[in-house]
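Below: the structure, in C-alpha cells.
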Amino acid sequence: MLIKNYTSSLLLFVLFSLLTINLAAKDYTVSSPNGKILTTVNTDDEIHWSASVDGQPIFKNCKMNLTIDGEVLGESVKVRKIKRSSISEQVKVIVPVKSKIIKDEYNQLSIQFKNDFSVVFRVFDNGITYRFETSKKGEIIINNETVDLNFSDNYPILFPEEQSLLSHYERLYIDEKLSALNAGRFCSLPTLVKATQNIKIGITEADLFDYPGLFLEATGSTSLKSKFPYVIFESKSKGDRDVEIIKQADYIAKTNGSRTFPWRVFMISEEDKQLVENQLVYLLSRDCQLENTSWIKPGLVAWDWWNDNNIYGVDFKSGLDNQTYKYYIDFASRYGIPYIILDEGWSKTTTNVLEPNPNIDIDELVQYGKERNVELILWSLWGPVNKHMDDILDQFAKWGIKGLKVDFMAQAGQEMVNFYERTAQACADRELLVDFHGAYKPAGLRRAYPNVINYEGVKGLENCKWSDVITPEHNVTLPFTRMLAGPMDYTPGAMRNAQHKDFKISHSNPMSMGTRCHQLAMYVVYDAPLQMLSDNPSNYYREEESIRFLSKMKTVWDDTKILDAKVGDYIVTARKSGNDWYIGAMTDADSRTLEIDLSFLDEGDYELEIMQDGINADKAAIDYTYMTKTADKNTKIIIPMASGGGWAAICKKK
C-alpha cells in the first residue's frame, strides 16, 4: 500500500514537472495538413520561428516584431491565449488565372499577447505564412517591421536586385549563394531560395493594403532582413513621370490601430513544378470587395507601343491617328481579339489625358470598334490619374472606354499602395479594367478588386527594344520567380525571332531572342488574364498560321497542371478551358527533347493542333512546323525543342 501511494505521487510529480517544463519552454508548433512541414514558434522573451520539411531544417530562429509608436511588439512578450484551428474548403475564383476552384487547406496557430497584438501562423502543404494583428484604438504609427530570415545553410538564391526603392520592379535574377551577397544589397519580391533535397522556397507577401511593400536586404551571411520604404512627406517631379524625394518620415506607415497586416509568404516545394501551381497569394488575400463582377471580361489585346505603330502594306502614313488605330481594330476584329490598347501618344500631352491629340477622335474610334466587337483601353501616367482621378475616369467612361493602363508608379510605399486600391475602386465604379505598369508585383489586390486584370513588374519583352538581356533562360526563370506572386504583363507575341548570335536591337522594328514557338508557348505558360499581342498587325497578317493559332488562345483557365519543370531550364504547362486543353513548353539556350503523357485529358479523342520548332530553328529561329494529330489520355507526346525553343498545342475535344 505504501509502495502504491509512493508510485502515484511520483507519477503526479513527473507529469506536473513535464507540464511546467513545456510551459517554460514557450515553444508552439503547427504542421501542414500532410505533416511534412513543421513550424515552431518560440516566445521566450522575443518571438522567433523555425521550420523544417520532412525533418530537414530550412529556417532557424527567425526574429519577427512590429514597432508601433516606439514600442516593440515582440520583445519581453507575455502570451495570453493560444488558439488552434484547421480549415479545409474550396475557394471560387472570379478571374481564374490558374483555376476556377482553389483548395484552401491549412492548420493555423494564433498566439495572442499582452499589449493588444497577435501573431498568426498558417501552414499549408505548400507553404508557411504568418502575419501580425493588432487591436489598438485610434491611429497608430508603424516605425518598422522586423522580418529576419535565417536559413539553415548557405543556400543559392535567385535575387532580383534593386538599386533604389523607387523602382519599376523589372529585374534580372542574380543566382548567388546567400553569403556572397554583400550586406546592404537588397531585392524586391518575389525571390527564390534553392535549399537542399530540391526544396525550393518562394518568398513574397499577400494581402498588402494601407502598408508599404516588403523588400529583403542581404547581410553577407546566410540571413536576409526586411527593408521598407518610408512615408514620403515631400517630393518633386523630374520630367513628366519620375519623382525625387525631398523629405520623408522616419516611419513606414500611419494606419488604423485595429487591423491585420500583410502575410509573409514562404512557398515550399519539393518538385519545381509544384512552385508554379502555388496560389497562396490569392488564398491569403481579402475577399472580393465588388458586388457586381459580371462585366469583367479577360482576353487578348492588340498593342501598339512595342511595335512603334510600324505597320506596312497600307495606303496611308502610319502614326498616332485614327487611320492607324482603325487598322488595329480591323485586325483585332478579324481574329476575334476583344481589345486594343492606345498607349502613350494618344492624348494631347502625357499630363493631359482629358483630351486626345488632334489626330485622334476617340468617339469615332470607340464607335468603329463597337461595330466590330472591339473595345478600347487607354494608357496614362499615374500622376494625372492621382491628381484628377474622377475627372479622367468620368471622361473615359463617357467615351465608352473599357480599361485603363496606368504607368510609371515606380514606388511601393504606403501612399502608392493606397493609390492602387483607390484606382481599382474608382475604375470598378465605372466598370473599367485596370492594367498596372511600372508596378510592384501583385500582392492581393486582384482578389479584392478582380477588375485589376494584370500587372507588369517584370522584365519583359519590351526590353528587346533597347537591350539583349531578355534571353530564353530569363524567360524560363520567370514562372518560378515573378509569376509566383500573380499574373504578369510580359507582353509576348514577337514575330521577328532570332537566336542569340543573330539578335539585333531595334526600337522601331524589334525582335525577340529565341524561336517563334518559344513566343507562342508563352500564351500557355505565362499567367496573364489581359494578354498582349505585342507585334504589329502587318507582321501578324504576314504570319497567318501563327496568328490564327494565337487567336484561339484563352487567357483564363479552369485548371492548370505543370507537367514537367526545372527552374531556369524548362517548363511544360497544360491548361484547361471548357472541354479543351492547351499545352505550352519552353526551354533555355539548351536544345532538349521531352516526353509527356496526356493522362490528364478526359476520356475520348482529341484533335491536336501543334506548333513546334522547325528542323532549322537552331539557325533560323522563325522556323516552325504546324501539324495535327489525334490523341487520347493514353497517348505519349515527344516535344523536340531547339536552343531557345518552344512547343505549343491546342487539344480540342472531338
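Some points to look at:
Per-residue answers, yes or no, for (1) crowded, with 18+ Cβ neighbours inside 10 Å; (2) closer than 28 Å to residue 250 by Cα; (3) of a type in the set (Ser, Thr, Tyr):
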position: 33; (1), (2), (3): no, no, no
position: 38; (1), (2), (3): yes, no, no
position: 49; (1), (2), (3): yes, yes, no
position: 53; (1), (2), (3): yes, no, no
position: 58; (1), (2), (3): yes, no, no
position: 67; (1), (2), (3): yes, yes, yes
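- Taking the stretch 109-186 and the strands (runs of 3 or more DSSP E) fully enclosed by it, the elements with 2 or more residues that are closer than 14 Å to residue 222 by Cα and at pLDDT 95 or above are at 156-159, 174-177.
Let's see how each residue does on (1) closer than 30 Å to residue 298 by Cα; (2) surrounded by 14 or more Cβ atoms within 10 Å (Cβ to Cβ); (3) in contact with a Pro (Cβ under 6 Å, 6 or more places away or on another chain); (4) not assigned by TED's automatic domain parsing to the domain that holds residue 560:
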{"residue": "596", "(1), (2), (3), (4)": "yes, yes, no, no"}
{"residue": "608", "(1), (2), (3), (4)": "yes, yes, no, no"}
{"residue": "618", "(1), (2), (3), (4)": "no, yes, no, no"}
{"residue": "634", "(1), (2), (3), (4)": "no, no, no, no"}
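- Check on residue 591, in contact with a strand residue (DSSP E or B) (Cβ under 8 Å, 6 or more places away or on another chain) and either modelled with pLDDT of 95 or more or not polar (S, T, N, Q) (or both): yes
Residues are listed down the side, and each one gets a yes or a no for (1) farther than 25 Å from residue 419 by Cα; (2) free of Cβ contacts under 8 Å to residues at least 60 places away in the same chain; (3) surrounded by fewer than 22 Cβ atoms within 10 Å (Cβ to Cβ):
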site	(1), (2), (3)
449	no, no, no
454	no, no, no
467	yes, yes, yes
489	no, yes, no
503	yes, yes, yes
506	yes, yes, yes
518	yes, no, no
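- Among the residues listed as 554, 504, 576, 561, the single one being assigned to a loop (DSSP other than H, G, I, E, B) and closer than 21 Å to residue 298 by Cα: 554
- Of the strands (runs of 3 or more DSSP E) lying entirely inside the stretch 45-94, those carrying at least 1 residues that are assigned by TED's automatic domain parsing to the domain that holds residue 149, in contact (Cβ under 8 Å) with a residue 60 or more places away in the chain and touching a Gly at 6+ places or on another chain (Cβ under 7 Å) are 56-68.
- Which numbered condition residue 398 fails, given (1) surrounded by fewer than 22 Cβ atoms within 10 Å (Cβ to Cβ); (2) in contact (Cβ under 8 Å) with a residue 24 or more places away in the chain; (3) in a helix (DSSP H, G or I): (2)
- Identity of the residue in the stretch 206-226, farther than 15 Å from residue 64 by Cβ and part of a strand (DSSP E or B), that ends up farthest from the chain's Cα centre (by Cα): 218
The values are calculated or read from the model by the stated rules, or taken from the named source; none is laboratory data. The model shown is predicted, which means the values in this text are computed figures rather than measured ones. Cβ: placed from backbone, ideal geometry, glycine included. Neighbour counts: every protein chain shown.
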